[in-house]
1. Name the residue, out of VAL332, VAL325, that is crowded, with 21+ Cβ neighbours inside 10 Å, under 27 Å from ARG17 (Cβ atoms), hydrophobic (A, V, I, L, M, F, W, C) and not assigned by TED's automatic domain parsing to the domain that holds GLY130.
2. Name the pairs: first residue in segment 265-292 and within 14 Å of the ligand (Cβ to nearest atom), second residue acidic (Asp, Glu), Cβ to Cβ under 6 Å, at least 6 apart or on different chains?
3. I'm checking my understanding of the structure. Among residues of segment 65-87 that are more than 16 Å from the ligand (Cβ to nearest atom) and in a loop (DSSP other than H, G, I, E, B), which one is nearest to LEU284 (Cα to Cα)?
4. Condition test on GLY248, is it in the same structural domain as HIS191 (by TED's automatic domain parsing), assigned to a loop (DSSP other than H, G, I, E, B), farther than 23 Å from THR375 by Cβ and small (Gly, Ala, Ser)?
5. Looking at (1) surrounded by fewer than 23 Cβ atoms within 10 Å (Cβ to Cβ); (2) assigned to a strand (DSSP E or B), which one does SER45 not meet, given that it meets all the others?
6. What's the number of the condition PHE165 fails, among (1) aromatic (Phe, Trp, Tyr); (2) under 20 Å from the mean Cα position of the chain (by Cα); (3) more than 30 Å from ALA356 (Cβ to Cβ)?
7. So, ILE346, is that one touching a helix residue (DSSP H, G or I) at 6+ places or on another chain (Cβ under 7 Å) and under 14 Å from LEU5 (Cβ atoms) or not?
8. Does segment 34-41 include one or more residues that are of a type in the set (A, V, I, L, M), over 27 Å from ALA336 (Cβ atoms) and buried (at least 21 other Cβ atoms within 10 Å of the Cβ)?
Amino acid sequence: MKVALVNIGRIVSGDFRHPDRAGDGILTDGGKIVAIGSADDFDLSSCDVVIDADGTTAIPGLIDSHVHITFGDYTPRQKTVGYLESYVHGGVTTAISASEVHVPGRPRDPEGVMALAVAARRCFDTYRPGGMRVHAGALILEPGLTRENLVEVKRLGVWLVKAGFGAFATPYGYAELIGWAHELGMTSLVHTGGSSIPGSSGIWAEHLLHLRPKVSFHVNGGPVAMPEEGFARLVDESDIALQVCTAGNLRTTLLTANLLRDAGQFERLLIATDTPTGSGIMPLGMLYTISHIASLTEIPPEWAIAAATGNNAAVYGLNSGILDVGRDADIVLVDACAGGSKNDAISALRNGDVPAVGAVVTDGIPRFVGRSRNTPATTRHVRVASSKVVQQFTAEHG
Ligand SMILES: [Zn+2]
């Protein structure tokens, strides 16, 4: 499918070092971005769908790097179906599993956790709820797993390993497994902060500095934060990516963002939600944390957007998260909400408002155009200007 977005007011790239892209149009073909620039240069007659952005702002689809995936579009924790599709209406186009720890009766033996990760990975190979790309299958590290076990699951497509819920006496017990995972090119994720599951111990900065994972999961606390002195230590004494989550401690989210900005290492800040959890299902969680950072710190809104898009893509090695030629065609149109005091999405974020989502394209396919089911309406009028596809792209909403 060939899709053009025209009449874009501003293109925010998702790369905090180069946050603005010149132009008013984005052309996609076969799931990839093939051109960004002046829409006058596009051959619109060859497009299957042309979306008139009406001056709204284009950003990359948001990447939530901490989602409690199970199987299907269902969360047992909140007994709810359709939450991933609902997140697409919050501008989220990619969900990365925080391990399938919420599967009822989940196994805890080596063979069981391997089978669970492989099954989850395979179940989302082609299944895209509401258009969402789901990277599922994070191996839950448990005692007894061998290097050969990691080689085997890697061969079967699993590339994420998760430490924090295993039956180790102390967090230091994960060190050997994480070392093997890194040797095999896998991405390691370590729970940080107080325990979220009764009986599991807290994981603090001294543990992380010993384990050296790729990502500190919810460094701000999931939901309870580690001791204060640990934040500066992690920033200064490691290169671990520091993920901040909506369902955590807001004060330490802002602390982490400021520390990384001041250290000149903003690329290490990752925004995620850590949902569904006891905190609920949060379709607008990514947008809330972006607006919190953009309004309660001096960090530019475009950088906060990058922490939710390009930064996540770089750490996880994804081809989405940046608006550029050759990248995945995961694109979101955002705007100031109708009736607010600001005139565009970036000003609204700086004001602390959640932006309105006006259209979501994932894998080069428009998933809805006009109005999100979950945000207020846009100020401007995003619409389908022309379409050769027999489909109603307008989302149903009350
Ligand atoms: Zn979590």
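The values are calculated or read from the model by the stated rules, or taken from the named source; none is laboratory data. The structure displayed is predicted, hence computed values, not measured ones. Please note: Cβ atoms are built from the backbone with ideal geometry, for glycine as well, and neighbour counts cover all protein chains shown.
1. Details: VAL325 fails: crowded, with 21+ Cβ neighbours inside 10 Å.
Every option except VAL332 fails the conditions.
2. Between residues of segment 265-292 that are within 14 Å of the ligand (Cβ to nearest atom) and residues that are acidic (Asp, Glu), the close pairs are ALA272/ASP64; THR273/ASP64.
3. GLY82
4. No: the conditions fail for GLY248.
5. Just one mismatch for SER45, condition (2).
6. The single condition PHE165 does not satisfy is (2).
7. Numbers: touching a helix residue (DSSP H, G or I) at 6+ places or on another chain (Cβ under 7 Å): yes; under 14 Å from LEU5 (Cβ atoms): no.
Answer is no for this residue.
8. Within segment 34-41 (the criterion being of a type in the set (A, V, I, L, M), over 27 Å from ALA336 (Cβ atoms) and buried (at least 21 other Cβ atoms within 10 Å of the Cβ)), the answer is no, since none of the residues qualifies.
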